[in-house]
Amino acid sequence: MRILLVEDEDRIASFVTRGLGSEGHAVERAATGRDAIGLVQYETYDLVLLDLLLPDSNGRQVLRALRAHDQSTPVLVLSALGEVEDKVELLDSGANDYLTKPFALAELSARIRALTRQDQERSDTIKVGTLTLDTRARTVVRSDLKVRLTTREFTLLEYLMRHPGQVLSREQLLQAVWGATYHTSSNVVDVYVRYLRKKLDIPGVDSPIETVRGAGYRVRSD
Ligand code: CA
């Protein structure tokens, strides 16, 4: 696995890098929050190990930068005892687990295995642009915010997200989501796209569902 280690202490960084390296992982290190934020914005990792107390910032800022565009990469926080007053708050802000320093390599490896297994179980997620849809839990997350959808709204969004960037006609959507029972003159697709936008749109930001005049709708994939 490709792992990003955000850690300012050389001693801990080399311990983790050597240990995980011997297990076959490729560990890349960032020693400052600034370097880490730069990396998580442009690189893709299978896992992020995150120290909270960094010389130039707090690990939470790195977590926010990552979660702004990526809800799925597991993040394991590594921190000294007492650095985290509120574990629940940390998990709520997007961390997946928490390990107190000092820790043994075996313990770190076990947590990593658990997190990445969990990740495989969650592989039923579809991510397009700022939207993440979990087909098993039937939940939708837009830019870190969980959005509640009705069954029909969910099915419509899932169908659009399974065809990212592709223009789908009202007829195609009607058939895919409502089946053959609806008349093609029905405006039910437009009505439901409106419902979706009401729940998903953020003021001042382009809607994740784009109207293509005379053709249909598509989900923005950028
Ligand atoms: Ca530190």
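The values are calculated or read from the model by the stated rules, or taken from the named source; none is laboratory data. Remember, predicted model here, so these are calculated numbers, not experimental data. Neighbour counts run over all protein chains shown; Cβ positions are idealised from the backbone, glycine included.
Brief remarks on what is shown
- Residue under evaluation Gly82, criteria (1) on the phi > 0 side of the Ramachandran plot; (2) away from the ligand (no atom under 14 Å from the Cβ), criterion not met: (2)
- Close pairs from the stretch 1-23: first free of Cβ contacts under 8 Å to residues at least 40 places away in the same chain, partner more than 11 Å from the ligand (Cβ to nearest atom), Cβ under 7 Å, at least 6 apart: Ala13/Leu5; Ala13/Arg29; Thr17/Leu5; Thr17/Val27; Thr17/Arg29; Gly21/Val27
- Every condition in (1) over 26 Å from Glu23 (Cα atoms); (2) away from the ligand (no atom under 13 Å from the Cβ); (3) surrounded by 14 or more Cβ atoms within 10 Å (Cβ to Cβ) is met by Asn58 except one, and the failing one is (2).
- Any hit, the stretch 31-38, residues being away from the ligand (no atom under 16 Å from the Cβ) and either surrounded by fewer than 18 Cβ atoms within 10 Å (Cβ to Cβ) or modelled with pLDDT under 95 (or both): yes
- Criterion applied to Arg111, Arg194, Arg122, Arg152 was being at pLDDT below 90 and either exposed (fewer than 12 other Cβ atoms within 10 Å of the Cβ) or over 30 Å from Tyr98 (Cα atoms) (or both), and the one residue passing it is Arg152.
- When the stretch 1-16 is filtered for residues that are out of contact with any His (no Cβ under 7 Å at 6 or more places or on another chain), more than 13 Å from the ligand (Cβ to nearest atom) and within 18 Å of Val77 (Cβ to Cβ), the ones remaining, listed by number, are Leu4, Phe15.
- Matching residues in the stretch 202-211 - criterion: being modelled with pLDDT under 95 and either aliphatic (A, V, I, L, M) or touching a Pro at 6+ places or on another chain (Cβ under 9 Å) (or both): Ile202, Val205
- Leu53 vs. criteria modelled with pLDDT of 90 or more and closer than 21 Å to Thr116 by Cα: no
- Verdict on Leu47 being without any contact (Cβ under 8 Å) to a residue 60 or more places away in the chain and either surrounded by 17 or more Cβ atoms within 10 Å (Cβ to Cβ) or within 16 Å of the ligand (Cβ to nearest atom) (or both): no
- Any hit, the stretch 63-76, residues being among the basic types (Lys, Arg), in contact (Cβ under 8 Å) with a residue 12 or more places away in the chain, within 15 Å of the ligand (Cβ to nearest atom) and surrounded by 17 or more Cβ atoms within 10 Å (Cβ to Cβ): no
- Within the stretch 1-27, being in a strand (DSSP E or B) and surrounded by fewer than 16 Cβ atoms within 10 Å (Cβ to Cβ) holds for Arg2, Ala26.
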